[in-house]
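Each reported figure results from applying straightforward, stated rules to the coordinates on display, with no laboratory input. Worth saying up front: this structure is predicted, and the values here are computed from it rather than measured. Neighbour counts run over all protein chains shown; Cβ positions are idealised from the backbone, glycine included.
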Amino acid sequence: FKMDTTPESYLDLFPLDAIVYLTPDSENVLEDVDPDKVYVLGGLVDESIHKQLTLRRAREQALQTARLPIREYMVKAPNARNYHSETLAINQVFDVLSTYYETRSWPAALRAGVSSGKGYVLLDTAEQ
């Protein structure tokens, strides 16, 4: 993938209606990846302290928001720590998006990007 870096803000580079801010706190589910949209991956260093921060930031900037369809395609798996998190690292979100764009399959994309340490498994593997 080709990437460019710039000191400019995405708000100055793209029309507001083309930007979709991805945050696990959004009530909107990302159903498809639109090549005409710009997806901003909201990232934090410590997810436990800053709940809703990325959603608030997107709302302050009047941006569309969406979340990955984790709860639509995955279920909580029993684990010793009883830990479940839909918050992913930036590289995991990128892996999910790029795999989905290539395969057009959310199960394949979520399998590629959501590690077992997050406490979720795909619906089809939950019964195994």
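Can you tell me how much longer the chain between Asp32 and Lys51 gets when fully stretched, taken as 0.36 nm per residue apart minus their C-alpha distance, in nm with one decimal?
4.3 nm
What chymotrypsin sites (Phe, Trp or Tyr not before Pro) in the stretch 62-128 are in a loop by DSSP, with at most 11 other Cβ atoms within 10 Å of the Cβ?
Here the sparse-neighbourhood loop sites are Tyr83.
Within 10 Å of each candidate Cβ there may be at most 10 other Cβ atoms; applying that plus a DSSP loop requirement, which GluC sites (Glu not before Pro) in the stretch 69-128 survive?
Of the GluC sites (Glu not before Pro), the ones in loops of the stretch 69-128 whose Cβ has at most 10 other Cβ atoms within 10 Å are Glu127.
Please report, in cubic angstrom per residue, the volume enclosed by the convex hull of the alpha-carbon atoms of the chain.
Taking the convex hull of the Cα positions in the chain, it is 118 Å³ per residue.
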